[in-house]
Amino acid sequence: MARIVKLEIRHIRLALKKKIKHASHERNDSENVVTVVHLDNGSTGLGEGVPRPYVTGETVDSALEALQSWPLASIVGDPVDFAGVVRALDAWMPQASPDDPRAIGSNAARCSAEIAILDAYARHFGVPIGDALNFSAVAADVPIGEPVPVRYSGAITAENPWKERISATKMRIWGFRQVKVKVGIPGADEVARLRRIRRRLGSKCDIRLDANEAWTPAEFRAWSERLAFSQPSAYEQPVPHEAIDELGKPEFRQPFPVILDESLCGPIDAETAIQGGFGEIFNIRLSKCGGVLPSLRLIATAIRNGRRYGLGCHPGESPILSAAGRAVATRVRDLVFLEGSYDRHVLAEPFAKQDITFGYGGKANPLGGSGLGIEIDMAKLDSVTVRRKDITYA
C-alpha cells in the first residue's frame, strides 16, 4: 500500500522547432501543465495536460487552480493494488461550474493529475500504465489487446508552397500511409495546395483534411465540392463548435465522414452528436478528453452507437503525453487514425532520457517497463518550468 504525500504542479513552456499554424491558432511554443506525484514509499509519477482556451476553455492559470483545489490523496486513498487505483480514478469526475455546460472546463488539468497518479502507482506495483485499460469500467466494451506495434499519421501544416512540397515529398519517401493536411487558412489557395500535396503524396496515401473550425456549414459544403478531387477520407472539425449541430441537417450532410475534434471533449458532446446525427468519427485526445479513463469511456460510447474513433494529440505535447498516448494506441484496436509521438520533429528539446519519436512510416513499438515506460531528465524539466507550486498532504 502507498499514499500520495506530495504534489508538484508545474507550468512549463516548450519551444517548438518551427511555428505551427492552422485556422484556429498559430504558436511558436506550447504552454503545458505537468503534475508530479510523490508516494510515501518514494515512487514518483508524472502527468501532463495541454490547456487550450479554444478547445476546452481552459487556460494554464485555470488548470493550475483546479489542480491545487482537488484532494487527490483522498480521492485515491491507500490502494492495495493497481486495479484499486484505476477504480478510484474511474469514479472521479470533477464538479463542473455553472458556466461550463459541456463539463469540460478542467479536462487538461484532470488529464495531468490522472496520468501522474497512474504513472506513480504503476511504478509502485511494477506494471505498465497501459494495464489501467484492462481495469476500466468499460473495458468489456472496447477492443483491448496485448501491446502491438502501431503506425502514426504524418501532418502537413499551413506553410509556404515550397515547404509544403518538401513536407509532402518527405512523407512519401518516409512511407507514411496516412497524412493530415491543415486547410481553411485565410487567403490560401486551397485547390492549388491540395493539388500539389496530393501529387507528391501519391494516390495511395490516405489524406484527412483538418479545417479547425474555419468554415460555416454553407462554406464547408462548397469547399467539400471544390476539394473532392483530392479524395479526402474525412474532414476534421470543418465548422465552429457553435454551428456543429447544423451538420445534422439534410442540406449539410456530406458523402464522407466528419471527424469531431473541438466538438468532442466529453460525454455531453458525444451524446449531442449521437442525438443530432452528425460526427461519424470521434477524435480522442487524452488532454482535451480528461485523461486515459475518460477517453476510454468516449471510445466505448462511440462503439455502442456505431461511431468510429481515432487517437489524436495536441501539437506541443511533451514525451509524457506521447508515452501515455502510446500506451493507449498500442492496446486499443480499430483506431481509424493515430497521431502523436512527434517529439523530436516538433519540440526544440524533448526532456525524456529516451527518444520515443516514431520511426520510418510512422512506425512505433510499445514501450516497456513499468509506469509510462520512460524516464524524465528532471534538470531539463526544471529548465522549462515557468512556475511551480508544491502541495504536501498530511
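Of the residues making up the range 297-331, those that are of a type in the set (Val, Ile, Thr) and either farther than 17 Å from residue 362 by Cβ or modelled with pLDDT under 95 (or both) are 299, 301, 303, 320. Residue 362 fulfils the conditions (1) among the small types (Gly, Ala, Ser); (2) more than 17 Å from residue 128 (Cβ to Cβ); (3) free of Cβ contacts under 8 Å to residues at least 40 places away in the same chain except for a single criterion, (3).
Annotation note: of 64, 89, 118, the sole residue that is at pLDDT 95 or above, touching a His at 6+ places or on another chain (Cβ under 7 Å) and part of a helix (DSSP H, G or I) is 64. Here residue 101 meets the list (1) surrounded by fewer than 20 Cβ atoms within 10 Å (Cβ to Cβ); (2) farther than 27 Å from residue 242 by Cα almost entirely, failing just condition (2). Per the listing 165, 200, the residue uniquely more than 19 Å from the chain's Cα centre (by Cα), in a helix (DSSP H, G or I) and at pLDDT 95 or above is 200.
Have a look at 97, 112, 106 and point out the one that is within 28 Å of residue 365 (Cβ to Cβ) and of a type in the set (S, T, N, Q).
112
Apart from one condition, residue 159 fits all of (1) of a type in the set (D, E, K, R); (2) at pLDDT below 95; (3) within 16 Å of the chain's Cα centre (by Cα); the exception is (3).
Only one entry of 369, 312, 306 meets the criterion of being out of contact with any Ser or Thr (no Cβ under 7 Å at 6 or more places or on another chain) and crowded, with 24+ Cβ neighbours inside 10 Å, and that entry is 312.
The values are calculated or read from the model by the stated rules, or taken from the named source; none is laboratory data. Quick caveat, the model's predicted, so the values are computed rather than measured. Cβ coordinates were reconstructed from backbone atoms using ideal geometry, including for glycine residues, and neighbour counts include every protein chain displayed.
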